[in-house]
Amino acid sequence: MSIVAAFAVPHPPLIIPGVGSGKEEIAATIAAYDEVGRRIAELAPDTVVISSPHAMMYADYIHVSPGRGAQGSFSMFGAPQARYEAVYDQEFVRALARACKQEGLSAGCEGERDPSLDHGTMIPLHFIQRHTRDFQVVRVGISGLSPEDHYRMGMLVQRTARELGRRVVYVASGDLSHKLLESGPYGFAPEGPQFDGKVTHAFSTGDLLPLLTMDRSFAGRAAECGLRSFQILAGALDRTAIKPELLSYEGPFGVGYGVAAFTPVGDEGTDGDRALLGRYEAFHKADLARRKAAEDPYVSLARLSLETYVRERRRIAPDERPSLPAELLSTRAGAFVSLKKDGELRGCIGTIAPVRDNLAEEICANAISAGRHDPRFPPVTADELGELVYDVDVLGAPEAVASADQLDPRRYGVIVSCADGRRGLLLPDLDGVDTVSEQLRIAADKGRIDLRRDDCALERFEVVRHT
């Protein structure tokens with residue numbers, strides 16, 4: 001057995017001595033965390049692999065920390081005396097990076113900008129090192145890649161441990177929702193407690209497939225932290241029968257803290273029912289087919305436009321789409337086309353006001369721009385087309401507002417503009433944008449506008465969203 005145990009743990013800094021107060025309110029979390037440290041010490045692992053959402057993170061690359069080791073402190077949380085050190089298992093890191101390259105997984109040791117330990121790594125170390133220091137560490141980040149890729153990363157951790165003959169404990173660091181209470185630092189969203197319920201059910205039953213199939217938009221509205229860390233954990237337990245335990249769950253400050261243990265109870269690699277990758281791939285394929293079948297004419301026109309341009313290098317005429325609704329050819333309006341891949345934004349371009357003869361032409365042109373000319377992303381390739389999910393937002397006429405009190409990020413988009421022509425726009429009802437201040441900040445940043453200094457005007461607009 002290479003993976004001798006796996007644990008899911010949170011990382012609230014206030015449970016570190018010298019940071020914050022109110023520890024009595026999460027006493028169950030602290031007790032469960034100490035139990036995790038005790039169990040790990042009893043298992044006497046050679047290596048502890050820790051995945052953290054606060055380690056080095058890239059949109060398209062899962063980072064594994066290189067070097068002999070690293071140090072870190074809680075100085076940013078007011079406790080510089082709380083310092084921790086990790087000695088890395090360099091042989092394991094090199095073997096894992098080689099395996100990623102061999103398997104074509106976008107992961108490895110490149111691009112480390114800050115080698116210091118993050119709090120998502122140090123908090124698990126705090127509780128483990130209270131009981132044992134006789135182990136080395138492998139630190140893994142998360143990314144914007146798919147659930148499949150994070151699961152595959154876990155599979156490669158398992159394979160590397162087996163090939164090197166290591167006794168490995170996997171620790172997935174990650175909080176749950178940050179939107180459990182109106183009084184909490186991030187406010188409340190109904191998706192918050194729903195998300196925590198789904199994750200803790202998966203932890204307690206050991207059915208980890210929902211961690212892979214969970215809708216990214218839903219998870220984003222819950223303001224989750226640890227989902228992709230937990231997906232790697234699931235991969236590290238691939239084809240392994242486990243005994244699951246939910247050791248504790250609390251959320252008194254508006255953030256969900258779950259502690260769970262997964263103990264292998266059979267030979268590794270022999271439980272076909274726990275081969276989740278194939279089940280996820282089947283789900284994902286069916287989900288994309290369902291979404292495509294449900295697209296309305298606005299969205300199917302955007303898809304046809306981009307797919308034709310990428311595959312044939314030509315722009316379609318709107319009448320190439322049969323049975324277009326009359327309003328697409330008779331109406332003029334601004335429109336934005338948004339593309340997502342694996343739940344993450346893959347491109348978004350639009351026009352505030354109409355610049356073409358009709359809405360159909362507006363959508364066709366903006367779909368191509370979203371896929372090929374959004375400066376934040378590389379151009380969409382033919383291989384990606386089948387993975388894309390489209391939204392088309394048709395904009396209503398903007399109206400001036402006297403103050404931010406007249407804004408609502410769920411109902412209205414916002415335009416922030418200056419007399420010198422700088423202007424930033426943000427669509428309404430976006431995942432993770434729940435307050436007017438967040439909406440204004442993002443819109444202003446897009447227009448390179450300083451809300452504290454620049455003399456700005458505000459406008460709001462409504463959209464009709466087509467999916």
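The values are calculated or read from the model by the stated rules, or taken from the named source; none is laboratory data. Because the structure is predicted, anything quoted here is derived from the model rather than measured. Cβ coordinates were reconstructed from backbone atoms using ideal geometry, including for glycine residues, and neighbour counts include every protein chain displayed. What goes into the accessible areas is simple: the full protein's heavy atoms, side chains included, and nothing from ligands, DNA or RNA. Shrake-Rupley method; radii C 1.70, N 1.55, O 1.52, S 1.80 Å.
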Inset, instruction - Rounded to the nearest 500, what is the 222 nm mean residue ellipticity of the chain from helices alone, with -39500 (n - 2.57) per DSSP H run of 4+ residues and division by all residues? - result: -10500 deg cm²/dmol
Legend entry - Helix axis angle, 436-446 relative to the chain longest principal axis, alpha carbon, degrees: 70 degrees
Legend entry - Simple spin-label estimate for S75 and D114 in nanometres, 7 Å along Cα-Cβ: 1.2 nm
Legend entry - For the range 381-467, convex hull of alpha carbons as volume per residue, Å³: 123 Å³
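Given a 1.4 Å probe, how much area per residue of the chain is accessible, in Å²?
Averaged over the residues of the chain, the accessible area is 43 Å².
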Legend entry - trypsin sites (Lys or Arg not before Pro) lying in DSSP loop within the range 96-204, provided at most 10 other Cβ fall within 10 Å: R113
Legend entry - Cα-based Kirkwood hydrodynamic radius, the range 301-355, one decimal, Å: 12.9 Å
Inset, instruction - Distance between Cα centroids, the range 398-420 to the range 176-230: provide it in whole Å. - result: 31 Å
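How long is the gain from F218 to T132 if the chain were fully straight, where each residue apart is worth 0.36 nm and the alpha carbon distance is subtracted?
27.1 nm
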Legend entry - Nitroxide proxy distance, nm - points 7 Å out along Cα→Cβ at F283 and D450: 4.8 nm
Inset, instruction - Return P(r) of the range 149-201 (all Cα-Cα pairs; 10 Å bins starting at 0; whole %; ordered from short to long distances). - result: 21, 30, 23, 19, 7
Inset, instruction - Quote to one decimal, in nm, the extra length available between S437 and D207 on full extension: 0.36 nm per residue of separation minus the C-alpha distance between them. - result: 78.9 nm
Legend entry - Options P354, A335, A365, ranked by Cα towards positive dipole end of the range 299-399, top entry (Cβ charges): A365
Inset, instruction - Please report, in debye to the nearest 20, how large the charge dipole of the range 16-129 is about its Cα centre when each Lys and Arg carries +1 at its beta carbon and each Asp and Glu carries -1 there. - result: 180 debye
Inset, instruction - Pick out, from V140, L125, G104, the residue whose Cα sits farthest towards the positive end of the charge dipole of the range 94-160, with +1 on the Cβ of Lys and Arg and -1 on the Cβ of Asp and Glu. - result: L125
Inset, instruction - Calculate how steeply helix 191-205 sits against the longest principal axis of the alpha-carbon atoms of the chain, using the helix alpha-carbon long axis, and give the answer as 0 to 90 degrees to the nearest 10. - result: 40 degrees
Legend entry - Debye, to nearest 20: dipole size of the chain, +1 on Lys, Arg Cβ, -1 on Asp, Glu Cβ: 860 debye
Inset, instruction - Please give the helix 227-236 orientation as an angle from the longest Cα principal axis of the chain, in degrees from 0 to 90, rounded to the nearest 10. - result: 50 degrees
Inset, instruction - Work out how much length T331 to R311 would gain on full extension: take 0.36 nm times their residue separation and subtract the Cα-Cα distance, in nm to one decimal. - result: 4.3 nm
Legend entry - Label point distance in nm, A31-R410, each placed 7 Å from Cα along Cα→Cβ: 3.8 nm
Inset, instruction - At a temperature of 20 °C and a viscosity of 1.002 mPa s, determine how fast the range 294-429 diffuses translationally according to Stokes-Einstein, using the Kirkwood radius over alpha-carbon pairs as Rh; express D in µm²/s, rounded to the nearest whole number. - result: 136 µm²/s
Legend entry - Sulfur and carbon atoms: percent of accessible area, the range 60-189 [1.4 Å]: 45 percent
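So if R0 is 30 Å, what FRET efficiency would S323 and R290 give, r being the distance between their Cβ atoms, rounded to the nearest 0.05? All intermediate terms of the calculation are to be shown ahead of the outcome.
Details: r = 22 Å, r/R0 = 0.72.
Approximately 0.90, to the nearest 0.05.
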